[in-house]
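To start, the structure under review is shown below, and the notes come after it.
The values are calculated or read from the model by the stated rules, or taken from the named source; none is laboratory data. Computed from a predicted model, the values in this text were never measured in an experiment. Cβ placement follows ideal geometry from the backbone for every residue including glycine, while neighbour counts extend to all protein chains displayed.
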Amino acid sequence: MSHIRTRFAAALLALALLLGLTGCGESLTTFTWEVEHVPANLDPQLAEESPEIIAVTHLFSGLYRKGEDGSPQFECAERCELSADGLTYTFTLKEGLTWSSYRGEEDTPLTAADFVFGLQRTLSPETQSPWAYELIGIWGASAVLAGQTAPDTLGVSAPDDRTLIIRLESPDADFPARLCLPGAMPCNQAFFESTAGSYGLGSRTVLANGSFYLYSWTDSGLFLRRAAEGSRINNLRLVLNEDAELAEETASGSSSSYTVDTAARVEEEKATAAWYTGSRTTSLTEIEYAAETWVLLYNTDVPGLNSLNIRSALDGVVRSLTLDHGPHRQAADGLVPPAVQLAGGSYREQAGAMPAAASDPRASYLAGLAELGATKLSGIGILVPREESQLLGEINQAWQKELTAFFTVEELTVEEIRARVAEGDYQIALLPLVPASGTPLGLLEQFAAGGLAGLEPSEFDTLLAETRSSPALAGSTGRITLLERTLLEQVPATPLFYQSGRLVLGEPISGLVFDPFGQVPDVTGASLG
């Protein structure tokens, strides 16, 4: 799923937690994370879903890795010189870097040419890497990705085994963070070509350079290890959640759904940590992230809701209400949730609140009806998750009272609502939105023409295209704020509240880095105590 990838891009939030994990087995310090499916591909250039991203995050090492404070720290690079114009990065690799095959066998020297080939693969149109956009700022990348020039024309070179040069189209202060992503991992060309199209698909077609090596890969899980050293975690288990299949089977085609209680899995010591979105109080160590925004989404393709005046009226009534959103939630003052980072801090705190609502919703509503040549709206239904029916009831009553607007309600699961929205089979829907890349753009770009809400091409799309093409603009709080406000003026949705998910830990550790958007833990620097 594309929304999972980015949640990783530029969004790893470091956690320095207390205490540590207990040892498990002979000289093993184990971290267990449950996944809905066992990783199917260990090719970092193609890793897109959470289990695969977690796996390659530990199997591969880049020039940088996010540290405990969230900033990029040298990993394979020993040092870097940046040219005065901010366009050319010259890296010197550490000595003695190697590749390791299955179970740590057959060390092979790693060179700067492996980083060149990895970047060329990511930006080659044949690869169709989900990470290509994050590296589009490299000189010549746009032309390579469009198939206009060959990958070897990319602005990357290796004058010798320990020197790597990367040239950019324009300065990008976030470029070191982009080099922490899976798409920037190295790839040994000779080994890749020897796999004849099966690279990353089996134990013997994985050549990794990370601190962990592949120990076992079965239908029930992926198991990674590294040499014991002090109290650091040296055994990573990605195991299949035995309740996930039951939850999926029960939720489909049933009026009631079974939801996996991930916190209970940790309490039962079946996992060391988990991402939890439930509301109950636990006895576990909890780290909270306001990482998703619940909205009322309006389908602008349907009669009635294609009127900006109508949408503005609905939005204005909702924003005038004082709603009780429940625990682990806070009223939303924009589309982008607080956990999203930009320019070294929370984007939401920097950007401030959304534009003002319609001052007279009823006047806007009547103006919209006049535009439509109608006296009332008809045929409008609202899709709502069953557990949010009470909240929606308050909103629906307010629309009836203030606008004399009567809408039907259909209760479904969140997954069913997402499917209906993807098909355009809805009028109004209450659902959560998650940034697709852990960046502000990762949420806002979901509203591009033809995307969420079915908006027509507009000034927003022009601004979005300009912003996507420039890493400098994509990293500018002022520019992203302009983009968000321009979008909200079209009222494709009414942000209601930010939902906090929680990283829960039964056995706290130090040095854990966690991405709440992709739900990706990184235990490379984690240890006991």
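Observations on the model:
- Of all residues in region 299-330, those that are at pLDDT 95 or above and assigned to a strand (DSSP E or B) total 0.
- From the list Ala158, Ala177, Ala190, the one residue that fits, being out of contact with any Gly (no Cβ under 7 Å at 6 or more places or on another chain), at pLDDT 95 or above, part of a helix (DSSP H, G or I) and among the aliphatic types (A, V, I, L, M), is Ala190.
- Subset of region 443-460 [small (Gly, Ala, Ser) and crowded, with 19+ Cβ neighbours inside 10 Å]: Ala453, Gly454
- Residue in region 175-184 that is crowded, with 17+ Cβ neighbours inside 10 Å and over 20 Å from Leu93 (Cβ atoms) present: no
- Set Glu349, Glu388, Glu371, Glu410: member being in a helix (DSSP H, G or I), closer than 20 Å to Asn299 by Cα and out of contact with any Ser or Thr (no Cβ under 9 Å at 6 or more places or on another chain): Glu388
- Subset of region 91-136 (residues that are in a loop (DSSP other than H, G, I, E, B), farther than 20 Å from Thr205 by Cβ and aliphatic (A, V, I, L, M)): Leu97, Ile136
- Subset of region 161-183 [out of contact with any helix residue (DSSP H, G or I) (no Cβ under 7 Å at 6 or more places or on another chain) and more than 19 Å from Glu134 (Cβ to Cβ)]: Ile165
- The residues on offer are Glu371, Glu349, and the sole one that is under 21 Å from Leu483 (Cα atoms), surrounded by fewer than 16 Cβ atoms within 10 Å (Cβ to Cβ) and either outside the structural domain of Ala419 (by TED's automatic domain parsing) or at pLDDT 90 or above (or both) is Glu349.
- Here Val491 meets each of (1) on the phi > 0 side of the Ramachandran plot; (2) modelled with pLDDT under 95 with one exception, condition (2).
- Count of residues meeting criterion [surrounded by fewer than 21 Cβ atoms within 10 Å (Cβ to Cβ), of a type in the set (S, T, N, Q) and in contact with a strand residue (DSSP E or B) (Cβ under 8 Å, 6 or more places away or on another chain)] in region 191-234: 4
- When Leu110 is tested against (1) more than 17 Å from Phe192 (Cβ to Cβ); (2) at pLDDT 95 or above; (3) in contact with a Phe, Trp or Tyr (Cβ under 7 Å, 6 or more places away or on another chain), only condition (1) is not met.
- Candidate set from region 64-80 (those that are surrounded by fewer than 24 Cβ atoms within 10 Å (Cβ to Cβ) and outside any strand (DSSP E or B)); member that is modelled with the highest pLDDT: Glu75
- Test for Thr127: is it within 19 Å of Leu63 (Cα to Cα) and among the hydroxyl-bearing types (Ser, Thr, Tyr): no
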